[in-house]
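Written out below as structure tokens is the structure these notes cover.
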Amino acid sequence: MRWVSMAGMLSALAFALAMIVSNTGLAPWYAGIRLPMLGVSYGDVTLGRPALVWINLALMSAVLFAVALECKRGVVEEELAGADRLRLPAFGALGGMLAAGAVHALLSGARDGLEPWWVASMGTDMALGLAVLSLLGDRVPGALKSLFATMAMFSLLGSSAMLVGVQGGLPSGPVLAVAGACVVVFAVMRFAAVNLVSPYLLTGAVLWTAAAGEGSLAVLAGPLTAFFVPGRGREANASPLVELEQDLLPTVCCVALPLLVFASAGFSPAEAAADPITPREALPAFLGMFPAKAAGIFGMCWVGTRLRLCALPAGVGWKEFGGVALLGGAGFTVNVFLGLALAGHDGPAVNEIRLAAMAASALSVSCGYAILRYALARRRNKVIQRA
């Protein structure tokens with residue numbers, strides 16, 4: 001929690017720095033690290049993409065790898081073991097994603113066809129949300145932080161999987177062959193009880209390299225690798241999974257995530273306003289994040305509790321959960337990555353996602369913080385009066 005909260009603070013500073021750099025005399029230098037085409041060639045095959053695409057692909061893969069490790073650690077250590085602890089955050093993540101997609105379908109579906117931009121409204125920024133919760137101090141129950149973090153992890157993994165799905169098409173034969181061979185190697189290592197982490201990381205790197213030619217498919221290499229990393233070692237207190245996560249978290253939270261924000265966030269609002277973007281195109285991107293996601297998260301979980309499929313954690317009321325649901329609409333980092341992955345480069349559509357995500361995240365954080373502060377203060381006052 002502390003590392004991810006720190007990542008949220010650093011990401012906010014990285015965003016501010018990116019906006020300053022991209023709107024001052026340093027803008028040519030900033031463009032110089034994002035726009036050059038970087039590629040590799042093998043025979044007659046050449047793979048070239050803007051540097052920003054490679055940066056986002058590599059850094060987001062590292063973030064997803066860390067998130068998947070955290071999910072598996074929670075299950076191994078029984079923090080998330082059992083359907084009772086997984087249903088509520090899973091319902092919340094699903095409700096937020098469905099609500100964001102529904103807004104795009106209603107406002108954009110009447111045109112020639114539903115474009116894939118609805119995916120870029122589905123992500124939740126776990127680091128930013130936990131940073132807001134950390135500002136409220138010890139008043140926030142640990143169960144509420146865990147609930148939000150788990151819901152954000154499900155949302156991040158789900159939106160990444162949807163991104164790969166909407167880009168369409170099966171991977172090429174060579175990529176499928178390499179992926180199948182890597183899965184076989186993973187399975188053999190687990191069967192042989194290989195507890196060294198390096199063979200898993202090496203196999204995952206081979207899988208990522210092969211999938212990088214298929215675009216965003218490479219981001220799923222991290223979660224697949226995390227699935228096979230052993231959770232328990234030969235010794236009673238040893239856990240390769242936990243040791244890897246502890247070694248990886250500082251780098252991901254303090255380096256990878258802020259760099260991801262800095263590389264992808266900067267743009268000129270004046271130039272974005274001059275792009276041919278109509279309100280009909282910009283509105284679904286904004287409303288899909290705020291307030292649709294909060295309504296979807298709250299509504300799906302409320303229905304689930306009424307049907308007795310899930311329950312709120314002990315010590316958490318609906319007012320506190322409402323604040324957390326609003327924080328679920330904050331998704332600047334994730335949604336900008338999704339938009340860039342769909343567009344492949346900068347352009348009016350990506351600037352639309354940036355503007356919508358920036359406004360929606362600001363409103364989600366402000367409203368969520370205000371409601372949580374009010375609800376937690378009222379709960380504290382009741383406890384004092386009873387005492």
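The values are calculated or read from the model by the stated rules, or taken from the named source; none is laboratory data. It should be emphasised that the depicted structure is a prediction, and the values quoted were computed from it without experimental measurement. No Cβ is skipped: glycine too gets one built from the backbone with ideal geometry, and neighbour counts run over all protein chains shown.
Table for the structure above
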{"item": "Val183 among the aliphatic types (A, V, I, L, M), more than 23 Å from the chain's Cα centre (by Cα) and surrounded by fewer than 19 Cβ atoms within 10 Å (Cβ to Cβ)", "result": "yes"}
{"item": "Any hit, the range 314-322, residues being aliphatic (A, V, I, L, M), at pLDDT 80 or above, surrounded by 24 or more Cβ atoms within 10 Å (Cβ to Cβ) and closer than 18 Å to Gly129 by Cβ", "result": "no"}
{"item": "Residues (under 10 Å from the mean Cα position of the chain (by Cα), under 20 Å from Gly95 (Cβ atoms) and not aromatic (Phe, Trp, Tyr)) located in the range 118-155", "result": "Met122, Gly123, Thr124, Asp125, Met126, Ala152, Met153, Ser155"}
{"item": "Where Val53 falls short, out of the listed (1) modelled with pLDDT of 80 or more; (2) aliphatic (A, V, I, L, M); (3) buried (at least 19 other Cβ atoms within 10 Å of the Cβ)", "result": "(1)"}
{"item": "Subset of the range 342-364 [at pLDDT 75 or above and surrounded by fewer than 22 Cβ atoms within 10 Å (Cβ to Cβ)]", "result": "Leu342, Leu355, Met358, Ala359, Ala362, Leu363"}
{"item": "Cβ-Cβ under 9 Å pairs, at least 6 apart or on other chains, the range 286-304 side in contact (Cβ under 8 Å) with a residue 60 or more places away in the chain, far side surrounded by fewer than 24 Cβ atoms within 10 Å (Cβ to Cβ) and of a type in the set (Lys, Arg)", "result": "Gly304/Arg87"}
{"item": "Qualifying residue in the range 268-291 (condition: over 28 Å from Ala90 (Cα atoms), modelled with pLDDT of 80 or more and assigned to a helix (DSSP H, G or I))", "result": "no"}
{"item": "Candidate set: the range 285-313, residues that are closer than 24 Å to Val140 by Cα, surrounded by 24 or more Cβ atoms within 10 Å (Cβ to Cβ) and not hydrophobic (A, V, I, L, M, F, W, C); chosen: the one farthest from the chain's Cα centre (by Cα)", "result": "Gly296"}
{"item": "Positions within the range 163-192 being among the aliphatic types (A, V, I, L, M) and either at pLDDT 85 or above or touching a Lys or Arg at 6+ places or on another chain (Cβ under 7 Å) (or both), in sequence order", "result": "Ala177, Val178, Ala179, Ala181, Val183, Val184, Val185, Ala187, Val188, Met189, Ala192"}
{"item": "The lone exception for Gly74 - which of (1) closer than 25 Å to Val255 by Cα; (2) in contact with a helix residue (DSSP H, G or I) (Cβ under 6 Å, 6 or more places away or on another chain); (3) modelled with pLDDT under 80 it fails", "result": "(2)"}
{"item": "Residues that are of a type outside the set (Gly, Ala, Ser) and modelled with pLDDT under 80, drawn from the range 214-256", "result": "Glu214, Leu217, Arg232, Arg234, Glu235, Asn237"}
{"item": "Which listed residue, of Gly329, Gly339, is closer than 26 Å to Ser11 by Cα, assigned to a loop (DSSP other than H, G, I, E, B) and either at pLDDT 80 or above or among the small types (Gly, Ala, Ser) (or both)", "result": "Gly329"}
{"item": "Residue in the range 193-208 that is modelled with pLDDT of 80 or more, surrounded by fewer than 22 Cβ atoms within 10 Å (Cβ to Cβ) and within 22 Å of Asn335 (Cβ to Cβ) present", "result": "no"}
{"item": "Met126 at pLDDT below 85, buried (at least 23 other Cβ atoms within 10 Å of the Cβ) and under 19 Å from Phe290 (Cα atoms)", "result": "yes"}
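Residue-wise test of (1) assigned to a helix (DSSP H, G or I); (2) at pLDDT 85 or above; (3) closer than 21 Å to Ala314 by Cβ.
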position: Leu114; (1), (2), (3): no, no, no
position: Val119; (1), (2), (3): yes, no, no
position: Phe148; (1), (2), (3): yes, yes, yes
position: Ser155; (1), (2), (3): yes, yes, no
